[in-house]
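Asks: Can you read through this structure? Questions will come right after.
Taken together, the values in this text are just the output of simple stated rules run on the coordinates, not laboratory data. Just so it is clear, the model here is predicted, and its values are computed rather than measured. Quick reminder, even Gly has a Cβ in these numbers, built from the backbone with ideal geometry, and neighbours come from all protein chains shown.
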Amino acid sequence: MLDCIFSGLHICLPPPRNYPPLAIYCFIIGKFFNLHNYSLNVTLNYSENMTRKKILVVEDDEFVVEAMTMILEEQGFDVASSTDGEIFSEAGFEHPHLILLDIRLSGRDRRDICKWLKEHPGMKHIPIILISGNRDIHKIHKECGADDYIVKPFDLNELLSKVNFFTNC
């Protein structure tokens, strides 16, 4: 096991598979999950026997995608990602159990993706959590039919709490 303590965050990781050096991992978590003012103890592990639910992260910032992927995989989720939202039109697209959707992708407002997903008969049942630094996100998530939202920079506990709620874990 590897241990990382970052401003009160204690992370226990299994031996590295394809992880970046531990210092980079701690930096990513601290920067993107706004942990510098929190004191928490988190153990990131899962049972190999769990049924793994799939989460799709649609985010154009690759550091955020990488950090979220590592954290969610260590919690036992399968994680797929897209940086542009075009994944929904790809042949063979597997429907996830949850979508984490940044509404600003490559500088474009992508509320249309959320609206389209919530109107699509085969995907409208999939929960969508919008991720944004927009201060009107509470209003935006209602307008486009999202199930919930997270404001950037966000707290790790908030992310995991909402993911677990919407995946019924």
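Asks: If each residue's Cβ is checked for other Cβ atoms within 10 Å, how do 128, 150 rank with the fewest at the top?
Replies: Lowest count first: 150, 128.
Asks: Restricting things to Cα coordinates, could you compute the convex hull volume per residue of region 49-166 in Å³?
Replies: Looking at region 49-166, the number lands at 104 Å³ per residue.
Asks: Could you put 126, 71 in order, starting from the residue whose Cβ has the fewest other Cβ atoms within 10 Å?
Replies: Going from sparsest to densest Cβ surroundings: 126, 71.
Asks: Continuing with this model, one more query. Taking the number of other C-beta atoms within 10 Å as the exposure measure, put 60, 112 in order starting with the fewest.
Replies: 112, 60
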